[in-house]
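Inspection log for the structure reproduced underneath, given as structure tokens.
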Amino acid sequence: MLICTTEELAAFCAPLRGAPYVAIDTEFMSDRTYFPQLCLIQIAHGTRSAAIDALAAGLNLAPLAELLAASDVLKVMHAGRQDLQILERATGVVAAPYFDTQIAASVCGHGDQPGYDRLVRELLGRDVDKASQATDWSRRPLTERQVKYALGDVTHLCDVYEALAAELERSGRGSWIEEEMLGLLELATQAVEPEQAYRRIKLRRGSPRSLAILRELAAWRERAAIERDLPRGWVVRDDALAELAQNPARDRQQLARVRGLKDAVARGADGKALLAAIERGRALADEDCPQPPERPPERDYDESMVALLQALLRLRCDAHGVAPRLVATRTELEAIAAEGDVDVAALRGFRREIFGEDALALREGRLTLTGEDGRVVSRSR
């Protein structure tokens, strides 16, 4: 079913308001615009599924927004952070409550960030059609094969969700992922802050003054890219901004000599804007200039203790069927080795339950690792 009118969309969404969940996926193009161009939205529950043509003339997404806002309908996606952002921009609504099958699969022992096609194969014994994977979803009309391919993503997703929900229920791990889902929602819905865009660009020599100039340059570019709906690099490339921050141009002639900056840009309105941004950075008071990022504190840890913690992490994660990357990072293990009970994610919530407490016990000598029949096992003292 391909929906192209507001009336069709309202008729499709109305019955889903009573569904416990809906599976959602999107198709979009992001190579020529700042904001991904939403082309298609696929939704399914049970025997009902439809692809919504987001580019159809006159289509109003209000019925979809109402469904996305429904607090009693769970929105199921796979690796859906970008989908959440795109849907919020298109509808003005955050799709919550939210369930990410990739995170749930990691908690259920299906590996670290498993792909959708792998989950469909492992959980359902089916193969995902990849024939239209590289299609241009902005071109119209869509073919029947394209629509069928797109719908396959959400019809399989319903069954993947139900299989994972059953695994979480059996293992009692549903509460483990609630915090993860809330954190992902928060990250996905953070507003764009042009003044923070400079943090994405690396400088060879990051003095406070060069960072002040870079901040002004990057903020101007971010606003220009948003206003024109163009990729950042199509306005001005990162390397050109970095060069200008470290060797600020004072006029259009110097600007035109910057590698990676087109002559037409240097001599046009954008060149004037770049020079103005440089001057704002120059004029900033010293105390208002951003400081170079502090290096992480050098912790006094024993590398052998970190190695033991890594072995324990693998041991505990294998026992619980959880991807180690979801539980603790190398940096967190170093912090535990150096300082013990510190404020890191590995020592909070379900991570502390399955690994953190034992990690502290190992560090303090209350737990040991030893070999037994060619395997590593833990022993409490």
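Quick note: the coordinates plus some simple rules give every number you see, no bench work behind them. Owing to the predicted nature of the structure, the values given are computational and were not obtained by experimental measurement. As a convention, Cβ positions derive from the backbone with ideal geometry for all residues, glycine included, and neighbour counts pool all protein chains shown.
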Check your understanding: Over the range 78-147, what lengths in whole Å, largest first, do the semi-axes of the equivalent ellipsoid take, defined as the square roots of 5 times the eigenvalues of the alpha-carbon gyration tensor?
Key -> 24, 21, 9
Exercise for review: Could you please rank Ser30, Ser71, placing first whichever residue has the fewest other Cβ atoms within 10 Å of its Cβ?
Suggested key: Ser71, Ser30
Check your understanding: Roughly how many debye, to the nearest 20, is the charge dipole of the chain about its Cα centre, given +1 on each Lys and Arg Cβ, -1 on each Asp and Glu Cβ, and no other charges?
Key -> 1400 debye
**Study point:** DSSP-defined antiparallel bridges as percent of all bridges, the range 1-123, nearest 5
**Key:** 60 percent
Check your understanding: How big is the antiparallel share of DSSP beta bridges in the chain, given as a percent to the nearest 5?
Key -> 70 percent
Check your understanding: Over the alpha carbons of the range 234-381, what is the largest minus smallest coordinate on each principal axis, giving the biggest first in Å?
Key -> 73, 32, 26
Practice item. For the range 16-78 and the range 232-247, write down the distance between their C-alpha centroids in whole Å. Key: 36 Å
Point to revise | Distribution of pairwise C-alpha distances over the chain, 20 Å bins, in % | key: 23, 42, 33, 2
**Study point:** For the chain, built as a Gaussian network whose Cα springs stay under 10 Å, the top-fluctuating residue of Leu369, Leu157, Leu185
**Key:** Leu369
Practice item. Rounded to whole Å and ordered largest first, report the semi-axes of the equivalent ellipsoid of the range 1-130 derived from its Cα gyration tensor (root of 5λ). Key: 24, 17, 15
Practice item. Return Trp176, Trp137, Trp234 ranked ascending by Cβ neighbour count within 10 Å, so the fewest neighbours appear first. Key: Trp234, Trp137, Trp176
Point to revise | Which of Thr370, Ala165, Val265, positive extreme of dipole for the chain (C-beta unit charges) | key: Val265
Point to revise | Column: log10 I(q)/I(0), Debye, Cα scatterers of the range 194-288, q = 0.11, 0.19, 0.25 Å⁻¹ | key: -0.26, -0.81, -1.43
Check your understanding: Given the Cα atoms of the range 303-380, and with Rh set as the inverse mean 1/r over their pairs in the Kirkwood sense, what is Rg to Rh to two decimals?
Key -> 0.93
Exercise for review: Mind checking which of Pro208, Ile86, Gly115 is farthest towards the positive end of the chain's charge dipole, using Cβ charges of +1 (Lys, Arg) and -1 (Asp, Glu) about the Cα centre?
Suggested key: Pro208
Point to revise | Residue exposure sequence - Val93, Val73, Val192, Val327 - by fewest surrounding Cβ within 10 Å | key: Val192, Val93, Val73, Val327
Point to revise | Extension gain, Thr368 back to Glu122 (0.36 nm per residue minus Cα-Cα distance, nm) | key: 85.0 nm
Point to revise | Cα centre as origin, Lys/Arg/Asp/Glu Cβ charges: the range 303-380 dipole, Debye | key: 200 debye
Review point. Dipole of the chain (Lys/Arg Cβ +1, Asp/Glu Cβ -1, origin at the Cα centre): which of Val322, Ser138, Leu217 lies farthest to the positive side?
Key: Leu217
**Study point:** Rg/Rh ratio calculated on Cα atoms of the range 40-99 (Kirkwood radius)
**Key:** 0.93
**Study point:** Gap separating the Cα centres of the range 287-315 and the range 141-166, nearest whole Å
**Key:** 42 Å
